[in-house]
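Take a look at the structure below.
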There are 2 protein chains.
Amino acid sequence: MTDETHSPHMISRRLESIFPITDEESQAFKELPVQVVALKADRDIVSIGDRPHQCCMVLEGFTCVYKLSQAGKRQIMALHLPGDIPDLQSLHLAVMDNSIATISPCTVGFIQHADLRRICECYPRLASALWRETLVDAALMREWLLNIGQRDSFTRTAHLLCELQMRLRAVALINGPAFDLPITQEQMADAVGISTVHMNRVFQALRARSLIKRCKSEVTILDWQELQEAGEFEPHYLHLREAVA
Amino acid sequence: MTDETHSPHMISRRLESIFPITDEESQAFKELPVQVVALKADRDIVSIGDRPHQCCMVLEGFTCVYKLSQAGKRQIMALHLPGDIPDLQSLHLAVMDNSIATISPCTVGFIQHADLRRICECYPRLASALWRETLVDAALMREWLLNIGQRDSFTRTAHLLCELQMRLRAVALINGPAFDLPITQEQMADAVGISTVHMNRVFQALRARSLIKRCKSEVTILDWQELQEAGEFEPHYLHLREAVA
DNA sequence: CGTAGACTTGAAGTCGTTCAACGGGTGTGG
DNA sequence: CCACACCCGTTGAACGACTTCAAGTCTACG
């Protein structure tokens with residue numbers, strides 16, 4: 001909530017990871033006024049039914065998109081990392097059809113819709129880049145739908161871990177096999193659509209097969225190849241510009 | 001494959017159902033060159049891995065977006081009706097991360113990416129309308145994710161029926177409680193993520209509770225109120241301009 | 001008239017849920 | 001500094017929803 005300068009870097013890095021933009025366009029982004037805010041874990045950033053006049057960019061931490069069933073069960077339909085804009089849709093969809101919350105303590109940056117619209121008019125390629133962002137979000141949701149609809153809980157979980165690892169790499173937040181994953185088993189369970197108790201057992205199975213190791217909030221992938229196979233993970237759907245080895 | 005004139009009407013009607021556009025913009029759409037093709041049921045229109053140079057607009061019939069798991073199980077992640085553009089994403093995402101197939105016999109219209117890009121440049125509001133289209137598609141997927149991840153099979157199926165009824169109404173394809181739903185139980189099962197056998201039992205339960213009636217490919221909703229409650233259906237996520245009673 | 005595809009049925013089996021309880025670490029207030 | 005509370009992770013056992021297999025019926029269509 002202090003350093004306002006690293007935020008535009010964040011977003012342009014994310015955009016560039018999936019779409020080539022020029023220096024001038026990148027620069028335009030960096031000059032956008034951003035209101036930076038720090039938030040505790042498990043707080044709503046935007047709630048279903050809201051009519052926001054701004055978008056929220058993740059700067060630090062993890063956020064999630066979620067909805068509740070009538071029984072009060074929560075389905076997480078996306079996880080967002082630094083550089084992502086979880087509610088970019090609100091630029092064209094007046095009322096939120098989902099909530100967005102922090103998974104871990106976060107700092108986020110708010111950008112006014114008006115500013116985004118203006119920049120989209122001046123730089124049509126940036127508009128395309130943002131459009132593309134929302135399309136990649138949708139592509140991830142399709143994969144999650146396949147995951148939840150057709151794969152068993154073990155495969156689903158392995159798949160999610162692979163996805164997170166690769167996305168974190170793509171924005172250069174990690175480079176080795178270990179990374180910080182400040183997310184509880186309950187939140188993981190909500191993301192793959194199983195119960196907390198069962199998520200715990202899946203984690204045990206993953207450890208038993210020596211696929212991962214977990215120590216506090218740090219996850220280490222012990223066998224990337226095996227984990228990918230266990231999770232039926234094919235990274236094409238991430239639409240990254242360059243394949244990450 | 002014969003009448004090329006009704007197709008642009010179709011798309012503009014769909015766009016207008018969620019976004020106000022001017023006559024001039026609507027006109028621009030109607031002048032787009034469209035290649036109309038008739039297809040049998042259960043045929044791929046675009047396949048995963050393709051790099052299409054055109055988009056496909058549904059003119060008659062139903063299409064679906066799907067992916068296969070390694071075990072060969074199919075998850076349908078969206079159903080598209082006349083007026084929809086199932087692969088609009090391909091405008092900005094070079095390679096398809098999903099396949100698109102016909103559910104029933106269909107006629108579809110292909111529009112070149114180049115033409116769409118041109119019209120987006122000339123009419124930025126149309127570009128926004130198309131962007132919005134893809135965002136609504138994503139909103140539907142979020143609801144499907146909630147449906148499949150957190151609701152039981154009975155609720156899921158009721159929900160899907162409500163959604164289809166309301167979307168068909170929104171484009172004025174139906175007005176009464178009965179409508180043509182040329183889709184097999186197997187396809188329905190793939191859409192809600194359950195087995196064919198179980199889908200059959202869910203249908204029996206829906207009939208036993210007098211919520212729906214099915215005769216050939218025609219579905220009649222006997223109690224709209226009850227079906228909505230049974231499916232936990234709240235239509236906000238469809239982002240229709242006007243609530244349909 | 002025969003065949004293929006869609007729908008239907010029963011029974012057995014599996015995966016995941018639910019309930020209930022306990023352990024361990026961490027932070028907070030007395 | 002200790003005690004307590006809380007959250008997270010863990011465990012066992014019973015239950016339930018859905019799957020799978022296998023067979024049989026119905027209808028449409030060539």
In cubic angstrom, how much convex hull volume per residue do the alpha carbon atoms of chain B span? 121 Å³
One computes Rg over Rh for region A:6-143 from alpha-carbon atoms, with the Kirkwood Rh, and obtains 0.95
Between region B:147-203 and region B:54-72, the alpha-carbon center distance in angstrom: 16 Å
Residue-by-residue Karplus 3J(HN,Hα) for region B:207-224, coefficients 6.51, -1.76, 1.60, Hz, glycine and proline x: 6, 4, 8, 6, 8, 9, 9, 10, 9, 6, 9, 8, 10, 10, 8, 7, 9, 4
Would you jot down the residues in region A:143-175 that end up with at least 30 Å² less accessible area in the complete protein assembly than in the chain alone, with a 1.4 Å probe? A:L145, A:L146, A:I148, A:G149, A:Q150
At a 1.4 Å probe, what is the % contribution of carbon and sulfur to the accessible area of the protein assembly as shown? 50 percent
Please identify the longest segment of chain B free of exposed trypsin sites (Lys or Arg not before Pro), where exposed means a DSSP state other than H, G, I, E or B and no more than 15 other Cβ atoms within 10 Å. B:74-208
With θ taken as phi - 60° and the coefficients 6.51, -1.76 and 1.60, list the Karplus ³J(HN,Hα) couplings across region A:74-85 in order, rounded to whole Hz; mark glycine and proline as x. 9, 10, 8, 10, 6, 10, 10, 10, x, x, 7, 10
In a GNM of chain B with a 10 Å cut-off on Cα contacts, which of B:P105, B:P235, B:P124 has the highest mean-square fluctuation? B:P124
When you look at the Cβ of every residue in B:232-240, what mean number of other chain Cβ atoms sits within 10 Å? 3
Viscosity 1.002 mPa s, temperature 20 °C: give me the Stokes-Einstein translational D for the protein assembly as shown in µm²/s, with Rh taken as the Kirkwood radius over C-alpha pairs. 92 µm²/s
Checking the a/c ratio against 1.5 first, then a/b against b/c, what shape does the Cα gyration tensor give for region B:181-245? prolate
A student asked for the Cα radius of gyration and Dmax of region B:134-239 in angstrom ought to give 12.9, 37
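The values are calculated or read from the model by the stated rules, or taken from the named source; none is laboratory data. In this text, all values refer to a predicted model and were calculated from it rather than measured experimentally. Ideal geometry is used to build each Cβ from the backbone, glycine not excepted, and the neighbour counts take in all protein chains shown. Keep in mind that these areas ignore ligands, DNA and RNA; they rest on the heavy atoms of the full protein, side chains included. Shrake-Rupley method; radii C 1.70, N 1.55, O 1.52, S 1.80 Å.
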